[in-house]
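Undergrad: Just dropping this structure here.
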Amino acid sequence: MYELTICHLYPDLMNLYGDRGNIIALSRRCHWRDIDVKVVKVSINDEFQYEDYDIIFLGGGQDYEQSIIKDDLAKGKAQRIIEAVEAGKVFLGICGGFQLLGKYYKTHTGSEIECIGALDIWTHGGETRLIGNLVFSCDFLKGDENQKLVVGFENHSGKTYLGEGVKPLGKVVKGFGNNGEDGFEGAIYKNTYCSYSHGSLLPKNPALTDHLITLALLNKYPDFTGLSPLDDNFEKLAHDSMVKKLLS
Ligand code: GLN
């Protein structure tokens, strides 16, 4: 039987708009396929050995929470997160978590939050907040054109820019995405996936959830041949009705 261990980083501080739903979606879609899942919460002052985990998740937070955890990150976790990303662990970062994985975040008040530096990305705080429902397309997702569309909700003032070697997660179809300027949304580097989408992201987008589960299983079980399909009728109806509503 396959087993996955998920690490939820700073669940008490970085959990905006139900980001925890991403952990629930990953766990449920595994359980429905008889894949065992253990979730471990890691917060301030807790040990973090990335080797123990198959999927690592860091959700969104306000500038305030981001500035609280930066001291804890500096005590060793940042270095281990960099190693996890480089080792190809499956990592999901949402909004504030996405920003923190980058090099720095200069807030709109001019203060600079030092970040982890795992990804060549950086964030500048803007004057206005970028808020609303978001739709973006991801070429790598399986399925028809509709299933390549990811739906979510964004609320950030930070504008994020991608450096060389970091690909966007998708192209914005509706909404602002990383910065409201270059048409990109999120980031992919190795097996690290980032997005501005709350909502939460994964329950609304089962194809993306399965993509991450597949990567984690391939990392752990080289003979893994693919996920069994699930009856996604309700998920598809919910997803497709949002796409229709937002793009009409
Ligand atoms: N504090 C960040 C910003 O406003 C991230 C907010 C969030 O995670 N929703 O840009």
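Undergrad: List the number of the failed condition for Lys75; all other conditions in (1) without any contact (Cβ under 8 Å) to a residue 40 or more places away in the chain; (2) at positive phi hold.
TA: (2)
Undergrad: Going through the stretch 84-106 one residue at a time, which ones are surrounded by 22 or more Cβ atoms within 10 Å (Cβ to Cβ), more than 9 Å from the ligand (Cβ to nearest atom) and part of a strand (DSSP E or B)?
TA: Val90, Phe91, Leu92, Gly93
Undergrad: In addition: What strands (runs of 3 or more DSSP E) lie completely within the stretch 154-196 and have 1 or more residues being buried (at least 18 other Cβ atoms within 10 Å of the Cβ) and within 15 Å of the ligand (Cβ to nearest atom)? Give the derivation first.
TA: Values: elements: 170-174, 187-189, 192-195.
In the stretch 154-196, 187-189, 192-195 are the strands (runs of 3 or more DSSP E) which contain 1 or more residues that are buried (at least 18 other Cβ atoms within 10 Å of the Cβ) and within 15 Å of the ligand (Cβ to nearest atom).
Undergrad: Can you tell me which residue within the stretch 1-25, out of those that are within 16 Å of the ligand (Cβ to nearest atom) and polar (S, T, N, Q), is modelled with the lowest pLDDT?
TA: The selected residue is Asn15.
Undergrad: Something else: Among the numbered criteria (1) out of contact with any Cys (no Cβ under 8 Å at 6 or more places or on another chain); (2) over 30 Å from Glu127 (Cα atoms); (3) touching a residue at least 60 places away in the same chain (Cβ under 8 Å), which one does Cys194 miss?
TA: (2)
Undergrad: Give the residue that is farthest from the chain's Cα centre (by Cα), with candidates limited to residues of the stretch 116-151 that are part of a loop (DSSP other than H, G, I, E, B), touching a residue at least 60 places away in the same chain (Cβ under 8 Å) and crowded, with 16+ Cβ neighbours inside 10 Å. Steps first, answer last, please.
TA: Taking the stretch 116-151 and keeping what is part of a loop (DSSP other than H, G, I, E, B), we get 116-120, 138-148.
The next check asks that each one be touching a residue at least 60 places away in the same chain (Cβ under 8 Å); those that pass are 118-120, 138, 140-143, 146-147.
Still in the list and also crowded, with 16+ Cβ neighbours inside 10 Å: 118-119, 138, 141, 147.
Values: Ala118: 14, Leu119: 13, Cys138: 14, Leu141: 15, Gln147: 18 Å.
Only one residue tops the list, namely Gln147.
Undergrad: Would you mention how many residues in the stretch 137-153 are at pLDDT below 95 and either among the basic types (Lys, Arg) or within 16 Å of the ligand (Cβ to nearest atom) (or both)?
TA: Result for the stretch 137-153: 1.
Undergrad: If you don't mind, another one. Pull up the stretch 26-39, narrow it to residues that are surrounded by 14 or more Cβ atoms within 10 Å (Cβ to Cβ) and closer than 15 Å to Glu3 by Cβ, then point me to the one that is nearest to the ligand (Cβ to nearest atom). Break it down stepwise before answering.
TA: Taking the stretch 26-39 and keeping what is surrounded by 14 or more Cβ atoms within 10 Å (Cβ to Cβ), we get 26-30, 33, 35, 37, 39.
Next, from what is left, pick out any that are closer than 15 Å to Glu3 by Cβ: 26-27, 29-30, 33, 35, 37, 39.
Details: Leu26: 19, Ser27: 22, Arg29: 24, Cys30: 26, Arg33: 31, Ile35: 29, Val37: 25, Val39: 21 Å.
Step by step, filter the stretch 26-39, then rank; the result is Leu26.
Undergrad: Ok, one more. Just give me the residues in the stretch 47-66 being crowded, with 17+ Cβ neighbours inside 10 Å, at pLDDT 95 or above and not in a loop (DSSP other than H, G, I, E, B), in sequence order.
TA: The answer is Tyr50, Ile55, Ile56, Phe57, Leu58.
Undergrad: Moving on. Which of the residues belonging to the stretch 213-248 are in a helix (DSSP H, G or I), under 28 Å from Glu3 (Cβ atoms) and hydroxyl-bearing (Ser, Thr, Tyr)?
TA: Answer for the stretch 213-248, where residues must be in a helix (DSSP H, G or I), under 28 Å from Glu3 (Cβ atoms) and hydroxyl-bearing (Ser, Thr, Tyr): just Thr214.
Undergrad: Tell me which residues, restricted to the stretch 67-83, are surrounded by fewer than 19 Cβ atoms within 10 Å (Cβ to Cβ) and within 16 Å of the ligand (Cβ to nearest atom).
TA: If the condition is that a residue be surrounded by fewer than 19 Cβ atoms within 10 Å (Cβ to Cβ) and within 16 Å of the ligand (Cβ to nearest atom), then Ser67, Ile68, Lys70 are the ones that fit.
Undergrad: Sticking with this structure for a sec: Out of the residues in the stretch 197-208 that are within 16 Å of the ligand (Cβ to nearest atom) and in a loop (DSSP other than H, G, I, E, B), which is nearest to the chain's Cα centre (by Cα)?
TA: So, considering only residues that are within 16 Å of the ligand (Cβ to nearest atom) and in a loop (DSSP other than H, G, I, E, B), the one nearest to the chain's Cα centre (by Cα) is Ser197.
Undergrad: Looking at Tyr64, Tyr50, can you tell me which residue is over 18 Å from Phe184 (Cα atoms), within 18 Å of the chain's Cα centre (by Cα) and either within 16 Å of the ligand (Cβ to nearest atom) or of a type outside the set (A, V, I, L, M, F, W, C) (or both)? Reasoning before the result, please.
TA: Details: Tyr64 fails: within 18 Å of the chain's Cα centre (by Cα).
Sole residue among the options that is over 18 Å from Phe184 (Cα atoms), within 18 Å of the chain's Cα centre (by Cα) and either within 16 Å of the ligand (Cβ to nearest atom) or of a type outside the set (A, V, I, L, M, F, W, C) (or both): Tyr50.
Undergrad: Among the numbered criteria (1) touching a strand residue (DSSP E or B) at 6+ places or on another chain (Cβ under 6 Å); (2) within 12 Å of Val90 (Cβ to Cβ), which single criterion is violated by His198?
TA: Checking His198 against (1) touching a strand residue (DSSP E or B) at 6+ places or on another chain (Cβ under 6 Å); (2) within 12 Å of Val90 (Cβ to Cβ), the one that fails is (2).
The values are calculated or read from the model by the stated rules, or taken from the named source; none is laboratory data. Keep in mind that what you see is a predicted model, and the values were worked out from it rather than measured. Note: ideal-geometry Cβ built from the backbone for every residue, glycine included; neighbour counts use all protein chains shown.
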